[in-house]
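Report on the structure given below.
The values are calculated or read from the model by the stated rules, or taken from the named source; none is laboratory data. Please read these numbers as outputs of a predicted model, since none were measured by experiment. Here the Cβ positions follow ideal geometry from the backbone for every residue, glycine too, while neighbour counts run over all protein chains shown.
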Number of protein chains: 2
Amino acid sequence: MSVALIVQKYGGTSVADPERMRRVARHVADARGEGHDLVVVVSAMGKATDNLIQLARQVSADPPGREMDMLLTTGERISMALLCMALHDAGVEAVSFTGSQVGIITDTTHTRAKILEVRGDRVRDALSAGKVAVVAGFQGVSTDREITTLGRGGSDTTAVALAAAFGADACEIYTDVTGVFSADPRLVPRARKLAWLQFDEMLEMAGAGSKVLALRAVEFARNHEVPIHVRSSFTWEPGTWVSDQRPPAGAIREDGAMEDPVISGVVHDASEAKVTVLSVPDRPGVSAAIFEPLAAGGVNVDMIVQNTSTAGTTDLSFTCPTTDLATAERIVRAVATEIGAGGVTHDDAIAKVSLVGAGMKSSPGIAAKMFRVLADHGVNIEMISTSTIRISVVVAAPMLQTAVRALHTAFDLDADADYSAPLPERS
Amino acid sequence: MSVALIVQKYGGTSVADPERMRRVARHVADARGEGHDLVVVVSAMGKATDNLIQLARQVSADPPGREMDMLLTTGERISMALLCMALHDAGVEAVSFTGSQVGIITDTTHTRAKILEVRGDRVRDALSAGKVAVVAGFQGVSTDREITTLGRGGSDTTAVALAAAFGADACEIYTDVTGVFSADPRLVPRARKLAWLQFDEMLEMAGAGSKVLALRAVEFARNHEVPIHVRSSFTWEPGTWVSDQRPPAGAIREDGAMEDPVISGVVHDASEAKVTVLSVPDRPGVSAAIFEPLAAGGVNVDMIVQNTSTAGTTDLSFTCPTTDLATAERIVRAVATEIGAGGVTHDDAIAKVSLVGAGMKSSPGIAAKMFRVLADHGVNIEMISTSTIRISVVVAAPMLQTAVRALHTAFDLDADADYSAPLPERS
């Protein structure tokens with residue numbers, strides 16, 4: 001590979017302690033030694049962010065967003081300063097920048113700000129001076145000059161945004177798994193690592209519950225055509241490329257990977273619950289009456305399914321994160337009374353299983369085959385939702401493993417040998 | 001007390017955990033309830049700064065100052081955000097500011113920057129809006145727009161600088177001792193709390209080893225005539241005022257305190273070592289030849305004593321922190337050879353004992369009495385140094401407690417009853 005500008009992002013487990021920090025520094029030093037220009041984005045160390053959230057809860061029932069952002073941004077600042085020190089110790093000139101110092105300008109929405117602009121002058125100056133720029137992930141400064149955070153997965157978003165702003169050749173996301181797999185290796189020992197995924201596939205996988213990359217970061221990468229390379233900071237082996245262009249020759253390892261499969265992976269999500277509104281009067285406006293207050297209440301609704309009307313009423317179900325369930329039920333019960341629905345039930349022992357694959361568009365019958373496989377394994381389907389390259393079903397939680405394994409085998413995804421991988425991290 | 005602008009500073013033990021943080025919030029809420037305008041300066045929680053320094057050492061043998069400052073400033077940012085949350089929970093409107101957000105402009109000397117200017121516009125705006133301003137201690141932003149720290153005791157300096165900039169009526173320094181004592185209560189159970197000290201006395205006590213207030217902060221307070229009130233965040237009782245003006249009536253508790261004593265306290269410092277250069281040729285320039293390279297080498301020289309010349313040579317001794325001893329000896333040995341001195345010895349088992357009191361100026365014979373008392377208790381004096389309101393002697397370390405107790409009693413400082421106080425903190 002010729003000399004390039006590369007953005008590298010290291011997640012929390014990659015910089016969890018001084019020993020890991022020094023390993024990362026050595027890897028950065030090696031890449032620098034090959035002549036590459038490097039922008040390195042870091043997450044908070046290990047459980048640092050969770051610990052800070054815990055502290056906040058111990059002093060306040062409802063911490064103001066502005067102070068929460070000030071609190072949480074310290075985690076990445078600690079990481080970036082320590083990594084610069086470790087790089088200095090490894091003989092690499094490096095300089096750290098907070099989101100504010102980089103000029104990552106966001107809107108004023110604390111705890112989940114959106115990036116409006118990346119100025120980046122100080123980073124460009126550092127690169128011109130031959131230095132590695134180390135940037136605190138997850139943070140920016142608002143148009144009101146307040147410190148903001150980008151929400152869950154924010155460090156991935158920082159990395160992709162910087163790669164887009166600087167026209168980087170690649171954005172490497174280092175984590176504690178070796179790439180994106182055809183299924184969660186904890187459920188499916190024969191899951192295989194995918195060498196290359198297109199943005200739409202990765203988006204559908206992230207939306208369907210894959211935790212390897214944050215959805216927002218993938219959207220950002222697609223919109224700005226930033227090739228992502230997800231890989232391990234423990235084994236350093238080639239990982240999974242996410243790009244609409246085929247990765248450069250030699251950049252991907254083809255062994256164990258399939259050529260253009262119909263289905264790329266089986267993704268599951270056990271973190272949601274289902275709410276059903278019974279006997280909803282079948283007239284215009286009732287759906288809006290239900291989902292507008294849910295949106296206003298901050299409930300993150302995922303799947304929505306409405307049955308065909310019989311006798312002038314219909315049942316309407318939706319899923320949302322289990323953490324939103326209490327709020328959702330409270331809101332929906334009030335609405336149900338107003339609109340004269342028959343009642344509200346919920347089920348938090350569900351799991352969503354999704355098939356994702358770009359090849360689905362040109363391969364009819366995938367859904368039928370999926371339903372048949374599940375039926376043959378005694379798995380009952382409670383809800384169905386589809387996109388052009390994804391089919392998702394909701395099943396009872398205890399059937400999750402059976403469903404995922406059966407589909408993985410039936411769609412020819414099983415690897416010849418077991419791949420084992422550690423738990424995925426959230427940045 | 002009428003409505004006032006008060007700067008309150010809380011040290012590390014005062015905000016060591018969420019429970020203490022909430023106690024501080026209640027105290028701030030009470031002061032706010034009395035109508036006072038409040039600027040609250042916080043240190044890092046408990047051992048947070050030490051833990052960060054430890055992390056830095058684990059990744060780098062010689063961390064760059066710029067990154068060290070970025071790392072350490074996170075400690076106070078965590079504290080200020082959490083305290084704002086706790087205040088919010090206590091129903092007090094509060095807003096946090098980093099040193100940079102306050103506009104604490106420093107020079108560019110990382111890890112021990114000097115404050116050049118306090119802009120403070122955002123703090124003034126917050127106060128005008130009826131809010132409590134919570135400020136991260138120990139930090140500023142340099143004229144190069146880099147994050148800097150103010151060195152040891154930096155949070156005290158921040159508090160005093162803000163009190164000076166805003167013309168505060170008082171600067172309250174909350175810590176884990178109830179005030180400044182006539183001696184360290186760990187050595188002298190009958191040490192008594194001093195109700196009021198003048199700046200020069202406090203300066204001499206800080207210089208002689210008292211850890212209650214940072215020397216720089218006291219200098220700053222004297223130069224800007226900021227009355228300091230050192231008090232406990234555990235008992236909240238009235239503490240010690242440091243001011244050249246007598247504190248307002250009712251502000252000090254006179255019981256157990258003396259009226260204008262000759263001696264205010266006996267201060268000790270067991271953290272230094274002594275270096276002696278033997279048989280130094282007695283000619284112009286030799287002292288400079290010794291102390292210039294020591295200064296250049298960063299050795300913090302305290303006392304210097306040179307004996308009268310006999311037979312054309314003299315012995316020259318100085319003290320410095322034990323942590324600087326190795327460096328000092330290396331430098332001095334080289335110089336000793338150059339200038340033809342007889343040799344170099346050192347002794348790290350020494351202690352410095354000082355008497356401090358503004359009344360000393362008008363009371364002759366204090367030194368003579370001090371030497372007599374020590375002699376009567378079998379304490380040999382190795383070095384002597386004096387100022388107008390301080391006499392310091394160096395004694396063998398094992399004699400420290402004997403010396404301090406004997407002087408405390410002989411100069412009528414013993415309280416009628418035992419005061420016990422926890423260990424002093426460093427901010």
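For the reader, a short list of remarks on this structure follows.
- Every residue from region B:361-385 that is in contact with a helix residue (DSSP H, G or I) (Cβ under 7 Å, 6 or more places away or on another chain) and either among the polar types (S, T, N, Q) or in contact (Cβ under 8 Å) with a residue 60 or more places away in the chain (or both): B:366
- Strands (runs of 3 or more DSSP E) completely within region A:262-348 that count 3 or more residues being outside the structural domain of residue A:395 (by TED's automatic domain parsing) and over 26 Å from the mean Cα position of the chain (by Cα): none
- The one condition from (1) within 20 Å of the chain's Cα centre (by Cα); (2) among the hydroxyl-bearing types (Ser, Thr, Tyr); (3) surrounded by fewer than 19 Cβ atoms within 10 Å (Cβ to Cβ) that residue A:108 does not meet is (1).
- Residues of region A:182-211 satisfying the condition of being under 20 Å from residue A:352 (Cα atoms) and small (Gly, Ala, Ser): A:182, A:183, A:191, A:206, A:207, A:208, A:209, A:210
- Top-ranked residue of region B:47-63 - restricted to ones that are part of a helix (DSSP H, G or I) and at the interface with chain A (Cβ under 8 Å from one of its Cβ atoms), ranked as surrounded by the most Cβ atoms within 10 Å (Cβ to Cβ): B:59
- Residue that is nearest to the chain's Cα centre (by Cα), among those in region B:85-105 that are touching a residue at least 12 places away in the same chain (Cβ under 8 Å) and assigned to a helix (DSSP H, G or I): B:99
- Only one entry of B:335, B:356, B:344 meets the criterion of being surrounded by 13 or more Cβ atoms within 10 Å (Cβ to Cβ), more than 19 Å from residue B:382 (Cβ to Cβ) and touching a Lys or Arg at 6+ places or on another chain (Cβ under 7 Å), and that entry is B:356.
- In the condition set (1) more than 10 Å from chain B (Cβ to nearest Cβ); (2) of a type outside the set (Asp, Glu); (3) more than 23 Å from the chain's Cα centre (by Cα), residue A:42 is compliant with all but (3).
- Criterion: of a type in the set (A, V, I, L, M, F, W, C), touching a Gly at 6+ places or on another chain (Cβ under 6 Å) and over 25 Å from residue B:359 (Cα atoms) - qualifying residue of B:165, B:214: B:165
- Among the candidates B:77, B:124, B:66, B:112, the residue that is basic (Lys, Arg), in a helix (DSSP H, G or I) and away from chain A (no Cβ under 13 Å) is uniquely B:124.
- Criterion: β-branched (Val, Ile, Thr), within 17 Å of residue A:37 (Cβ to Cβ), in contact with a Leu (Cβ under 7 Å, 6 or more places away or on another chain) and within 12 Å of chain B (Cβ to nearest Cβ) - qualifying residue of A:95, A:134, A:118: A:134
- For residue B:59, the test of being closer than 28 Å to residue A:17 by Cβ and of a type in the set (Val, Ile, Thr) is passed.
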